[in-house]
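So the structure is just underneath, and the comments pick up after that.
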Amino acid sequence: MSNFWNIILGTIILALVVSGLFDKISWSFNLPAIGVVVVVWLISMYNGFVSLKNRTDEAWSDIDVQLKRRYDLIPNLIETVKGYAKHEISTFDNVTKARSQAMQAGGAHDKAVAENMLSSALKSLFAVAEAYPDLKANQNFLELQRELSDTENKIQASRRFYNGNVRDLNTAFDSFPGNVIAKMFGFSNREFFELNEEAAKEPVKVSF
């Protein structure tokens with residue numbers, strides 16, 4: 001909507017200049033008219049940034065919901081695997097530590113780094129499961145695996161939606177005169193949420 005009104009306002013101003021209408025109307029009218037146009041344009045630009053910011057925040061909230069669901073599943077997964085592979089202490093510790101670091105990470109970049117480490121730790125945990133046929137056939141394990149895989153897919157979908165909104169916001173922020181308006185009203189660009197490409201293409205799973 002912001003771009004639409006910017007185009008309309010720009011077209012009106014250009015038409016007035018080209019037509020010579022400004023020359024035919026006294027400056028006592030021109031100056032207030034120009035002031036009104038500028039104010040309307042500023043409001044339009046401001047509302048455009050507010051809309052982009054809100055969409056980006058909403059998209060990040062979607063990611064946060066899915067990440068929390070993933071964190072909630074991991075302790076149950078560890079306990080299930082422990083029932084069959086109690087001696088794999090280092091693997092369990094690595095997953096627990098990676099989960100804790102991911103939960104504490106702040107900002108899109110730091111969160112992505114921590115999530116990539118957690119995905120790597122989870123792959124090691126599922127690799128352990130390959131050596132235990134009884135574990136792989138356990139119904140609780142199968143359900144946790146299914147839920148975790150589903151959550152991974154939702155994280156990827158939410159990540160793509162978020163990054164698309166970040167791209168739109170950053171483009172508006174980096175373009176003139178958007179960059180001037182953004183700084184004037186305290187808006188800032190955002191970081192992309194970049195997960196490991198391998199993790200994006202291959203959600204955690206176990207082959208049967």
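The table below lists the values:
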{"quantity": "Subset of region 76-95 [in contact with a helix residue (DSSP H, G or I) (Cβ under 8 Å, 6 or more places away or on another chain) and not β-branched (Val, Ile, Thr)]", "calculated": "Asn76, Leu77, Lys82, Gly83, Tyr84, Ala85, Glu88, Phe92, Asn94"}
{"quantity": "Segments classed as helices (runs of 4 or more DSSP H), wholly inside region 127-198, with at least 2 members that are farther than 18 Å from Ala114 by Cβ, β-branched (Val, Ile, Thr) and at pLDDT below 90", "calculated": "178-184"}
{"quantity": "Subset of region 116-140 [among the polar types (S, T, N, Q) and touching a residue at least 12 places away in the same chain (Cβ under 8 Å)]", "calculated": "Asn116, Ser119, Ser120, Ser124, Asn138, Asn140"}
{"quantity": "Members of region 56-77 found to be within 9 Å of the chain's Cα centre (by Cα), among the β-branched types (Val, Ile, Thr) and more than 15 Å from Ala114 (Cβ to Cβ), listed by number", "calculated": "Thr56"}
{"quantity": "Residue list for region 87-113, restricted to those being farther than 13 Å from Arg70 by Cα, among the hydrophobic types (A, V, I, L, M, F, W, C), surrounded by 18 or more Cβ atoms within 10 Å (Cβ to Cβ) and within 24 Å of the chain's Cα centre (by Cα)", "calculated": "Ala105, Ala108, Ala112"}
{"quantity": "Pair list, Cβ < 9 Å and 6+ apart or interchain, from region 89-115 residues that are under 27 Å from Ala129 (Cα atoms) to residues that are part of a helix (DSSP H, G or I) and among the aromatic types (Phe, Trp, Tyr)", "calculated": "Arg99/Tyr71; Ala102/Tyr71; Met103/Tyr71"}
{"quantity": "So Ala121, is it under 25 Å from the mean Cα position of the chain (by Cα), at pLDDT below 90, among the aliphatic types (A, V, I, L, M) and closer than 26 Å to Leu67 by Cβ", "calculated": "no"}
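The values are calculated or read from the model by the stated rules, or taken from the named source; none is laboratory data. From a predicted model like this one, the values you see are computed outputs, not experimental measurements. Note that we place each Cβ from the backbone using ideal geometry, even for glycine, and neighbour counts take in every protein chain shown.
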